[in-house]
Amino acid sequence: MTKKIDIKGEKDMPPMAMSLGLMDWNKTGSWRNLRPVIDYEKCTNCMICWKFCPDACIYIRDQRPVIDYDYCKGCIICAEECPKDAISVVKEE
């Protein structure tokens, strides 16, 4: 079971920004305005998107990157870093 991190004030804050990871109670996908979508026809499985995702919401399944939309905030860093332009950006409705 994941332990919840409880920050009560400034003194409890870490010295720098950090990701709290993929915790069941910390689903942040509802914040998203833009949705990255992987085109597997263009994707070469280089995993650059996985490497640069600041929230670790891209995981590897069957040697392919998969975006977990429960945690993806839509920062689109993955799309910006993709060398093959295999990740398109779709506006959330």
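The values are calculated or read from the model by the stated rules, or taken from the named source; none is laboratory data. Treat the numbers as computed from the prediction; the structure is a model and nothing was measured. Note that we place each Cβ from the backbone using ideal geometry, even for glycine, and neighbour counts take in every protein chain shown.
Could you please tell me which pairs satisfy a Cβ distance under 6 Å, a separation of 6+ or placement on different chains, a first residue in segment 68-89 that is in a helix (DSSP H, G or I), and a second residue that is hydrophobic (A, V, I, L, M, F, W, C)?
Short answer, once both residue conditions are applied: Ile77/Phe52; Cys78/Cys49; Cys78/Cys53; Cys78/Ile87; Ala79/Ile87; Ala79/Val89; Glu81/Ile48; Glu81/Phe52.
In this structure, is Asp24 modelled with pLDDT of 70 or more, of a type in the set (D, E, K, R), part of a loop (DSSP other than H, G, I, E, B) and within 25 Å of Glu93 (Cα to Cα)?
Details: modelled with pLDDT of 70 or more: no; of a type in the set (D, E, K, R): yes; part of a loop (DSSP other than H, G, I, E, B): yes; within 25 Å of Glu93 (Cα to Cα): yes.
No: the conditions fail for Asp24.
Kindly provide the set of residues from segment 47-67 that are among the β-branched types (Val, Ile, Thr) and in a strand (DSSP E or B), ordered by number.
Quick first cut of segment 47-67, residues among the β-branched types (Val, Ile, Thr) only: 48, 58, 60, 66-67.
Correct list: Ile58, Ile60, Val66, Ile67.
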